[in-house]
Amino acid sequence: MHPLEITDANFAQEVEQSNVPVLLDFWAVWCGPCRMIAPIVEELAGEYEGKAKIGKLDVDNNPGVATKFGIRSIPTLLIFKGGQLVDQIVGAVPKGTIVEKLNAQMN
């Protein structure tokens, strides 16, 4: 299971209208720390299949969503519930930190 590719075009449908929590990884190909957390995001996509959506958004190709949420440094992980932004994580953090924040939105 791979993370969903979220774009400016499908953001509303995949994130704002999702009936499960969404973890969205804002990244870019030139970003070293983004590459460090990419395997974690891949793992989470499998672990949370059916329970939450795990997505990635390339900030270079999708500036609209990145600008909307004021993404200034990457990687930034945003967590949405009920279409609303409920939490965020900035920087490359351990998997446990991401899991803890995502699990807090699972009830």
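Please treat every number below as a calculation from the coordinates, not as lab data. The structure presented is a predicted model; accordingly, all values stated were derived computationally and were not measured. Using ideal geometry, Cβ is built from the backbone for each residue, glycine included, and neighbour counts are taken over all protein chains shown.
Of all lysines in the structure, the ones whose alpha carbon falls short of 19 Å from that of LYS81, not counting any fewer than 8 places away in one chain, are LYS51, LYS53, LYS56, LYS68, LYS101.
Charges were assigned to the Cβ only: +1 to each Lys and Arg, -1 to each Asp and Glu. The resulting dipole of the chain about its Cα centre is roughly 260 debye.
The distance linking segment 19-78 with segment 1-18 is 10 Å (Cα centroid to Cα centroid, whole angstrom).
With the highest mean first, a sort of the peptides 75-83, 45-53 on other beta-carbon atoms found within 10 angstrom per residue produces 75-83, 45-53.
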